[in-house]
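The values are calculated or read from the model by the stated rules, or taken from the named source; none is laboratory data. Predicted model, so just to flag it, every value in this text is computed and none were measured. Every residue, glycine as well, gets a Cβ built from its backbone with ideal geometry; the counts of neighbours run over all protein chains shown. For accessibility, only protein heavy atoms count, side chains too; no ligands or nucleic acids. Shrake-Rupley method; radii C 1.70, N 1.55, O 1.52, S 1.80 Å.
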Amino acid sequence: QVQVVESGGGLVQAGGSLRLSCAASGSSFRIETMAWYRQAPEKQRELVAVISSGGSTNYADSVKGRFTISRHNGENTVYLQMDSLKVEDTAVYYCYIETVYKLQIWGQGTLVTVSS
């Protein structure tokens, strides 16, 4: 069984930075895709950033140039560095992992609040 633990959320002023972390552990598995999604109040969950096992990345237009996704394959960990945060970045951020066998795992979510 794969478990995912997120950390790094919190309260920050607009223009500030936060770094989210997500670590996967459990049975032996190989991770293909790691990503971060977010869901703001009364809005649908949306993809923020995704990174493949080979290191290819893709970002939502709203965060390009401000957020950076990275991963440490040996530790099954993915990070999201968030800079120049805006009030509209306020949301619950979820880690998403997909194994090579297409098993999809979601984290419990971590709240990011950006104040003006």
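Checking the structure you have, find out if any residue of the range 6-17 is surrounded by fewer than 18 Cβ atoms within 10 Å (Cβ to Cβ), free of Cβ contacts under 8 Å to residues at least 12 places away in the same chain and either in contact with a Pro (Cβ under 9 Å, 6 or more places away or on another chain) or part of a strand (DSSP E or B) (or both). No: zero hits. Against the definition (within 16 Å of E46 (Cα to Cα) and touching a helix residue (DSSP H, G or I) at 6+ places or on another chain (Cβ under 7 Å)), how does V112 come out, yes or no? So V112 passes the test.
When each of E88, E46, E32 is tested for being without any contact (Cβ under 8 Å) to a residue 24 or more places away in the chain and of a type in the set (D, E), the lone residue that passes is E46. Among residues of the range 77-99 being open to solvent by less than 10 Å² (accessible area, probe 1.4 Å) and aliphatic (A, V, I, L, M), the one that is nearest to the chain's Cα centre (by Cα) is L80.
When the test is whether a residue is open to solvent by 20 Å² or more (accessible area, probe 1.4 Å) and under 17 Å from L103 (Cα atoms), T33 passes it.
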